[in-house]
């Protein structure tokens, strides 16, 4: 799966109630990095974060119970991968089965790392580095 060129930024935020409206704040870094411009209009996709019930030890993930497509990764799973690319926000990107994208912050292109999956969405997962390998390992 390819991430479309139209994707300008990807971040997590909470929805807050202010003055009778629901508000999602965009981190200032997204504007400072030049990916977003003030006074411009953008499309926004809102994806629900896993609830506490979904994070229990049942082994079920939202992808396996709510959609016909299952993710090739699950939260808590560890894999050794090579970082294939760097996204616009500086996060490492790797792909696993069927081209499924995993975003790995604090990693470098070409780096071989063991990751732990921390969040799984329908089309993308997020992971953290738990081990870095030297070039000859």
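Values quoted throughout were computed directly from the atomic coordinates according to the rules given, and no laboratory measurement underlies them. All values derive from a computational prediction rather than experimental measurement. Backbone-built Cβ (ideal geometry, glycine too); neighbour counts: all protein chains shown.
Which distance in nm do the two modelled labels at residue 13 and residue 119 give, with both placed 7 Å along the Cα-to-Cβ direction?
1.3 nm
Figure the gain on full extension for residue 86 and residue 45 (residue separation times 0.36 nm, minus the Cα-Cα span) and round it to one decimal in nm.
Numbers: separation 41, 0.36 × 41 = 14.76 nm, distance 2.19 nm.
Full-extension gain reported as 12.6 nm.
Extension gain residue 133-residue 22, at 0.36 nm per residue separation less the Cα-Cα distance, in nm? Present the calculation step by step, with values, prior to reporting the outcome.
On the way: separation 111, 0.36 × 111 = 39.96 nm, distance 4.41 nm.
That pair, residue 133 and residue 22, stretches by 35.5 nm at full extension.
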